[in-house]
Each structure stands twice: as structure tokens, then as C-alpha cells.
1. At 10 °C and 1.306 mPa s, grab the translational diffusion coefficient of region 116-174 from Stokes-Einstein with a Kirkwood Rh over Cα pairs, rounded to a whole number in µm² per second.
2. Fewest first, what order do Lys200, Lys283 take by the number of other Cβ atoms within 10 Å?
3. What shape does region 11-159 have by the C-alpha gyration tensor, where a ≥ b ≥ c are the square roots of the eigenvalues, rounded means a/c under 1.5, and otherwise prolate means a/b greater than b/c and oblate the rest?
4. Starting with the fewest neighbours, write out His98, His386, His414, His286 ranked by other beta-carbon atoms found within 10 Å of each beta-carbon.
5. How big is the gap, in Å, between the Cα center of region 223-243 and the Cα center of region 254-278?
6. Give the distance, in whole Å, between the Cα centre of region 141-211 and the Cα centre of region 16-38.
7. Between Glu382 and Ser7, with labels modelled 7 Å along Cα→Cβ, what's the label distance in nm to one decimal, could you check?
8. Please give every one of the lysines within straight-line cross-link reach of Lys299, meaning a C-alpha to C-alpha distance under 21 Å, and leave out same-chain neighbours fewer than 8 residues apart.
Amino acid sequence: MHPAPVSGSVRVPLTGCDAFFLALEDLMRSGGQGRNVGLTVLELGEGFDACALAGAVRRFSLTHPLSQAKLERAWLFGVPRWRTPRILRPDAVSVTEHPSGTSVTALCRNLLAGNGERCFELHHVRGERGTTVVARWSHLLFDGRGAELAFQELAGWAQTPPCGEAVPVASWGEPFTPPAGIAARWRATRAFVRRHYELKPPDFQSLGGPRPQPGRSEFRVMGFSLGETRQIQQRASRLTGGIFQMPYFFAAVARAHAAVFRLRGVEPVSYVSPVPIQSRSTKDRHPIFQNQVTVLHFKLPAPVVRGFEEAVAAVHSQFAAAVREGVETSAAMVLWWMRRMPPALYRRFLQRDTGGQMVSFFQSHTGEFLAGLRDFCGARIENGWHIPAVSQPPGSGIFFSEREGRLSATISWHEGVMTRQEVDQMEQSLRADLLGVEGPPAFQPAGLA
């Protein structure tokens, strides 16, 4: 896709997944949980050029109208839209330099907890051996892949002096094209609706429970070495056939949550979670903005989750059935219709059929992190990952990416949902399953030892 130039103010309707995240943002804000944001973290070597980043960010602001758009709520059942300003500001995307030695972990926690209205902002901290750059972005406007594409664009402009005035472009759009005609669009929802009722009754649980609680987002980033990542890839290929490894990571995440429930002396009847399916190809550089995904839901009964290989096989089988039945396209069509539902009503709809839980957990694997990009603003990219905030419910999630053969996993949870002991248990279970090794002895809950 080569985005077309735009002139003046434009109105851009939300995609189906944008509207879903708008409902989550409504849930989070009304419950005192902050905003639905994500962080993207880049660890850089020596040579970072802050002036080059400032120039690139200025050009980004003047090129992408959606970076400074305002959300227009619709009346009744109209589709919400982004409205861009007629004249773009060069400082719409902010850059903040923090004192050398600032704790990056503390900075990330503060950014997740903040309520700033900017859709995209960057922060950088110089350390002893390099610089860390942290971007904070609104999940209403970006998905993880879109945030990486924004970094790729910034990196290109940092290397190339501007030539002439910046030209605003339309780097946005629907991730799929709905069929023509109302009747065809309604029929297209049937496969998803059948799958929705297969996931009922609401016999699953989330670690956070159904009642929203105020608080901030917490996180822990797990890093895997080159050797460990090769071991994980080989094991995943053996259990999945090597083509599509999502079932491998889904099963590991489900079992990591089951390990925490066991620590509490609880075993839910099943585990249900959505998997985002990316619509961009790996080589696409646009669109940068809006959530270019649809979702598939998977359900694992507790007896299946007790065995890792059985869980992988079950998710693989469900995915194959979803492909045969066209559930992915049908889910996109349902999300397209749901855009017209007011956010407060939307989130009540999400909670109504699930006893308030919505899902068991969130999870995703965004693939190769900044694929093909070696340097950023004069410094080599040593590593990078995403840190999403999570709403409560469900209150927890695990998110993967890979940079130059090294896997990263971010465990995210809502404040109060898990104790540090439970996070340790989740990490141990995840590491043992991914690597196929026996983990250390499980923690014993107080009073049950």
C-alpha cells in the first residue's frame, strides 16, 4: 500500500478492532484503570542521535494527520470517527529526554499509569552502554505491528534529510473489505455466531475476576537467549508442523495461568482467549495506523490444559476448523457491525454472556520485532519488545515478540490481580513449557503445604 496524499481535515471511521478497544478504554477509564495504551521499548547501543530523532518526529507529525486526530463520538448507532485538524502541528508527537540513569522500569510503569491525551509520545534515557527509547501509544490508534511501522518510518527519516515540505498522507484503512449488500454482510456473521455459542456457557474464569477494580498496570519482561529461542523454535515446529506456531504459545499461556489458579487451589472448567490475526503481510510498510487485525477465539477444557502437547494439538485442531469454516472473515464482519454500538453498551455486551469475565486472559505474538531494521537514529538496535496495559477483567496477559533470534515475553497484569509469588509461578510455568524442561518445584499456597 502507498498511502494517498490528503488535504485539510478528514474524518476516518474506526475499524472493527478499534471499536473493541474503545469499549475496553471505556471500561478502564470508568473503573480508574488508566488508558488502554501500549509501550514499545528499544534497547540501543552507542551512537544515539537525539537531534535526528527530534527531526524525524517533527516530520512524522506533519506527515500523518491521524497522529493528532480527535475522536468524535457518534449519535445513537453511528460509527465513531477520528477527525484530523485542518492544519497539522509539528509537535503533535512529543519527545522527552530523561536524566541519565533514570530507571527504565520505573519510567515504563509511570507511562502505563499516565492519563496523557497524546496518541503517540517518545521518551529516551541514556545509560552506561547505550540508550533506551520508550514509545507510549494509544491502542485505539495503533496495534503492535503499527507501532513498529511508526518506528521504521522514524528511522528512515532520521537517516535522510528532509527534501521539501512534508506531504500529509492517509496511512489508515479497514483491514478487510465487507461484501456488498446488507444481506450478504449479515449472512457473513453466521460462522462467528456459531463459534460464539460453542464457547458458552461461561464456565471459564479470569485471574482478576468479573468486578472491575481501580489500579495501575504492572509488568515483567522475560528474555530468552539465542540458544533458548532456537530450542523453543525447534520444539514448537515439532509440535505444530512448523507452519503456524500460535497453538504452541497459546497452550503455554493457558498453562501458565492454570499454574496460578492451582496455587490458589482453584481449577476453572475451561480457558477462553482471543487471538489477534494480523491482516498486514510481513513486508507491508502501511497502513501504520488503526488496528489492522481480526480475532479468533479458542477454548481449552481444564483436562486438556493439564497436558502441554494435548493443549497444543487442541488449539491446532480448532484453528484448522476455523479456517475451513471461514470464522476469521466472519469475525471481521461481526466487528465491523459492532462499531455502531456505543462503548458503554459494547462492554456490557462483552461481559453479559461471560459472567462479567469477558475472557480468561489476553495474549499475542507479534512476530519478528522491527524486522529488517538494524539501526535507529545512529545506534544499533540491541533488543526490543512491547508492554501492553491490560484491562481488568480479565486482568492478565502474556505477549511475545522476537528480535534477531531472541524471544521476549511480557507478562502484564492489573495491580492487585497477582502477587509476586504468583507472577513467579507464572514465569516458571511459561519457561518450562516453552523450553520443554522440568521447572523448579511449584510454590505451595499458604496452608496447603
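Just so it is clear, none of the values below were taken in a lab; they were calculated from the coordinates. Predicted, not measured: the structure shown is a model, and the values here were computed from it. With ideal geometry, Cβ positions are generated from the backbone for all residues, glycine too; neighbour counts draw on all protein chains shown.
1. Values: Rh = 13.7 Å.
Approximately 116 µm²/s, per Stokes-Einstein.
2. Working: Lys200 11, Lys283 7.
So the residues, fewest neighbours to most, are Lys283, Lys200.
3. Oblate.
4. His98, His286, His386, His414
5. Spelled out, the Cα-based centre of one part sits 22 Å from the other.
6. 15 Å
7. The answer from the label model is 4.9 nm.
8. Lys200
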